[in-house]
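The values are calculated or read from the model by the stated rules, or taken from the named source; none is laboratory data. This structure is a prediction, so every number in the text was calculated from the model and none was measured. Note that we place each Cβ from the backbone using ideal geometry, even for glycine, and neighbour counts take in every protein chain shown.
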Amino acid sequence: MSSTRNRFLVAAAIFCCSHAHGALPDEIQVYTDDVSAPGERGIELHVNTTPSGRSRPDYAGEVTPYHGLRITPELSWGLVPDVDWGLYLPFVRSGDGTDYFAGPRFRLKWMPLRGKPGYFAGVNVELSFVERRFEEARRTAEIRPIVGYRDADWLLSFNPIVGTDLAGPQKGVLTFAPAFKIARSAGGGYALGAEYYTELGRLSHFAPSSEQSHILYFVLDTQKLNFGVGRGLNGATDRWTVKAIYSF
């Protein structure tokens, strides 16, 4: 009985980790204090590619990140003070050159604390309806608390992200994927920094460290551009990813 139970727990941990890896990496971003003013409309273009990464599917029919290109327009609208909502439209070119529309994502962001003395806090909620070839559950939800600090020289932000499937065998299981950003002004409208993204597995019981995802990006920020080169820190993570976010 004990041996059977142990095998079941190992399989469950691997499945959970695989599910985390199967998420579409269309938006690689640490959220900060930016929010559209009432009536303001914004457009951002998220682009990323994986020159070296996972090529083996985690489940039948999955399109893997390896040599893939993801291009995602994000449209945002300011609703009331400190609240905006957005729509992501991710398009994917797979490593074999096939083009896909992955499916829409919707978000709602509330930033009630911003400004003096530089601290900010808020929350972003997201619903995704993505094709199964990119996310096995197809329907997922995410809640992303946002806390940080900004002044003329420094920006720090922490997003302790909790996600869950809204369908499939892992429906209702909470996963934890914290992300962190630190950047320092370099003058002339430029900032240099780092972003750190993790996927730790179940919130109630983290996956073994060898099965977690950890990736560190070195980033360059301007008023309109966020550009980063990411390096996976363990064998469960894509080795290299390049990403950019351009604001129009």
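Against the criterion of being under 23 Å from Val63 (Cβ atoms) and modelled with pLDDT of 95 or more, Glu126 qualifies.
Suppose the filter is among the charged types (D, E, K, R), farther than 22 Å from Gly115 by Cα and either assigned to a loop (DSSP other than H, G, I, E, B) or touching a Pro at 6+ places or on another chain (Cβ under 9 Å) (or both); does Arg132 pass it? Spelling it out, Arg132 is indeed among the charged types (D, E, K, R), farther than 22 Å from Gly115 by Cα and either assigned to a loop (DSSP other than H, G, I, E, B) or touching a Pro at 6+ places or on another chain (Cβ under 9 Å) (or both). Looking at the structure I just gave you, is Arg54 surrounded by 17 or more Cβ atoms within 10 Å (Cβ to Cβ), modelled with pLDDT under 95 and of a type outside the set (Ser, Thr, Tyr)? Spelling it out, Arg54 is indeed surrounded by 17 or more Cβ atoms within 10 Å (Cβ to Cβ), modelled with pLDDT under 95 and of a type outside the set (Ser, Thr, Tyr).
Residues in segment 142-161 that are surrounded by fewer than 16 Cβ atoms within 10 Å (Cβ to Cβ) and under 15 Å from the mean Cα position of the chain (by Cα): Ile143, Pro145, Pro160. Only one of the listed residues (Gly230, Gly235, Gly172, Gly188) is out of contact with any Gly (no Cβ under 7 Å at 6 or more places or on another chain) and touching a residue at least 60 places away in the same chain (Cβ under 8 Å). That residue is Gly230.
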